[in-house]
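Note sheet for the following structure.
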Amino acid sequence: GDGGNELGMGKIYERILSSSIVNAKSIASTVSTDYLIVCSVSNWGGYALAVGLSLITTCNECNKSDSDIDLSIYTEILSSCLPTSQQESAIFQGMIDAGARDGITKSTEKMVDGFELVVSLNVIEELKAIAINSRVT
């Protein structure tokens, strides 16, 4: 979650109510979760979760076979978990074409929560780099 209104944010409901979030009492989710992922942009939290699950899954496979998964195979697995730059751009454009607006700026530009598309693309690339580096070290 990023604004208090997302599924699971009920886990910190009282903290949201006492925060500086505009209209917190009206928008705060009451639905809790066992594990809460708080992030600047919900999409990025979802991508980070996908990367984490890919690491756990491949590590579990390595433990079963007593060998490491080839880095090129892991990179392929990782790529299947995250959108390419072209896919992310197409997702943004599809939302705009459907009438969506950025939640912060209210513009119909390729933005999410006030961040331009390039920022999201950089986050995705950074997540890939972190995951690949964690496999190498």
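Taking into account only those residues within the range 1-18 that are assigned to a loop (DSSP other than H, G, I, E, B) and open to solvent by 50 Å² or more (accessible area, probe 1.4 Å), which is farthest from MET111 (Cα to Cα)?
Residues of the range 1-18 assigned to a loop (DSSP other than H, G, I, E, B): 1-8, 18.
Of the ones still in play, those that are also open to solvent by 50 Å² or more (accessible area, probe 1.4 Å) are 2, 5, 7, 18.
Numbers: ASP2: 15, ASN5: 19, LEU7: 22, SER18: 28 Å.
Among residues in the range 1-18 that are assigned to a loop (DSSP other than H, G, I, E, B) and open to solvent by 50 Å² or more (accessible area, probe 1.4 Å), the one farthest from MET111 (Cα to Cα) is SER18.
Quick check on the range 20-56: of everything there that is surrounded by 13 or more Cβ atoms within 10 Å (Cβ to Cβ) and polar (S, T, N, Q), which residue is nearest to the chain's Cα centre (by Cα)?
ASN43
Condition check ((1) exposed (fewer than 14 other Cβ atoms within 10 Å of the Cβ); (2) among the aromatic types (Phe, Trp, Tyr); (3) in contact with an Asp or Glu (Cβ under 8 Å, 6 or more places away or on another chain)) across all residues:
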site: PHE92; (1), (2), (3): no, yes, no
site: ALA98; (1), (2), (3): yes, no, no
site: ASP102; (1), (2), (3): no, no, yes
site: ASP113; (1), (2), (3): no, no, yes
site: GLU116; (1), (2), (3): no, no, yes
site: SER120; (1), (2), (3): no, no, yes
site: ILE124; (1), (2), (3): no, no, yes
site: ASN133; (1), (2), (3): yes, no, no
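The values are calculated or read from the model by the stated rules, or taken from the named source; none is laboratory data. Keep in mind the model is a prediction, meaning the values are calculated, not measured. All Cβ positions, even for glycine, are placed from backbone atoms using ideal geometry, and neighbour counts span all protein chains on display. Remember, those area values only see protein heavy atoms, side chains included, never the ligands or the DNA or RNA. Shrake-Rupley method; radii C 1.70, N 1.55, O 1.52, S 1.80 Å.
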